[in-house]
Every structure is written in structure tokens, then in C-alpha cells.
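Notes follow once the structure below has been shown.
Coordinate-derived values only; no laboratory data. Keep in mind it's a predicted model, so treat the numbers as computed, not measured. As a convention, Cβ positions derive from the backbone with ideal geometry for all residues, glycine included, and neighbour counts pool all protein chains shown.
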Amino acid sequence: MTKKGSEVTTTEGNDLTNNEQMQNALLEIVQRTDIDPERLEKFLDLQIKMEDRQNLQAFNEAFAKFQKECPIISKTKKVEFGQTKYDYAPLDEMVHIIRPILGKYGLSFSFNLSQDSELMCLTTIVSHSSGCSKDFQYFFNDLHDDKRMNQSQRRKSAITFAKRSALENALGIVTAGEDDDARRAVDNPATEEQLEKIQSLLKTTDTPESQFLNYLKIESLGMLSVVDAKKALNLLNSKRNALVSKEGK
């Protein structure tokens, strides 16, 4: 930032990438009496936009690191009623696994439940220590299908199911069967569709393939498993969303 007479000009250089320097510069400007209020307002608006951009970048970097480190979570519980049969990863076990990894990168999550027309809406808020957060909505029926339970139990079960599904969707968590399914997910090579989507996103985000391969610590995209490809797509989608958000400001 440079000063000339009563004018203040800003440049997006290295001196504006440090929050402390920005705060000091802002304090200095606010204390001056020769600054035009309109210019001051523009400067404040610029600072807010730059901080938002930095916070979003910090969020996306932390989110990408979490997704890279988060393991496949095993489905250890079974549900059987009527013709319905499925395995699932219990919410408490899932949280026990992911919470330390989230905390390691300054991430956390919370839920907000609301009514939307005839459906319930569960919003998962993923927050970063920088102050940036993202919301993910999940809609569901307020009663579980298992009519062997009373109404209160069916409602509680439906909310627990929704939290589990919403958390998986928001964080890109991969779940698999406790034994064979988990091994197949890890061992099976990425599908052609996954590889095509990765190539497309590499171009869209202007990401050099060699740089991305180095980040993933592999020699070629063909070495990706189904699970690793899903994580790679999550990383590239996060980068694309960040670029779209940046262009919109």
C-alpha cells in the first residue's frame, strides 16, 4: 500500500497477503482525518473481500488435506426389517474416526434441523478455524420406515440416519463393507468414467497433471483405485468451486 497526499492506493502484492499487516494499515488509515469517506469505504470493502478470499483458500486447503487422510470407514452394523436389508457405519463410530483428523486441520462440523414443506431439512455446517464455513443440505422424511418402532423412536432413528448420510455427503466420506467390500474398494482400479472426469477437471482448474500426480504420490492416473479416484475428484471439485467463488467476487 502506498500513500500520496490524501490519496490511498492498494496493490495486491505480497504486502497484502498478511492479515496483521492489513490490520495495521487499516488502523493507520482510519486514524487519518484527510481520507475521503467514500475512499475509506472502498478500502474496507477491499479488505473484507481479500480476507474472505484468504479464508476460503485456507478452508479448501484444509478440506483437501482432510479428504486425503480420511480412511475408508467400515459398515459394521446391519439392519433387517421386512424386505429391507443393509449395512451401515454407525454415526458414533464415524465421528470417532473423523473428528481427530478434522481437528488436525482446523475443521469442525455441526447440524441444524429445520422443516421444509413436507420434508425435514438437515443442514451440515462445515467450519474452519479461519472463520470460513460451508453449508450442505440433506432432505428426508421425519419418520423411519421401520413401523415396529413407536413414533418417537421412528423420528429419532430418521434423524440419526439423516445425520449419517448428510455427514458422508458433506465431507466426501467413503464407507464400505467390513471385509470384502472394503478390500474391493481399495483394490479395484478407477473406472474409465472416473478417469475421464479427473482429466476434465484438471483442464477446467488449469492443474498440471504432473503436479497433481506428484501430490497424489503416483506415477500415472491409471494407478488410482476406485476409492483414490473418488478422493481425487473431491479434491479437484473443491478447487473448481474455489475458483468459481473467486471469479464471482
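Rounded, prolate or oblate for the stretch 73-183? Axes are the square roots of the Cα gyration tensor eigenvalues, ordered a ≥ b ≥ c, and the cut-off for rounded is a/c under 1.5. Mind showing how you got there, number by number?
Working: a/c = 2.53, a/b = 1.22, b/c = 2.08.
In terms of gyration-tensor shape, oblate.
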Pairs of Lys in the stretch 73-183 closer than 30 Å at Cα, counting only those 8 or more apart or on different chains: 24
Stretchable slack from residue 203 to residue 240, in nm (0.36 nm times residue separation minus alpha-carbon distance): 12.3 nm
Residue 219-residue 68 FRET efficiency (beta carbon distance; Förster radius 25 Å; 0.05 resolution): 0.90
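What is the calculated FRET efficiency for residue 193 to residue 28, with r their C-beta to C-beta distance and R₀ = 41 Å, to the nearest 0.05?
0.15
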Around residue 58: net Lys/Arg minus Asp/Glu count, Cβ-Cβ under 13 Å: 0
Label-point separation in nm, residue 95 to residue 110, each point 7 Å along Cα→Cβ: 1.4 nm
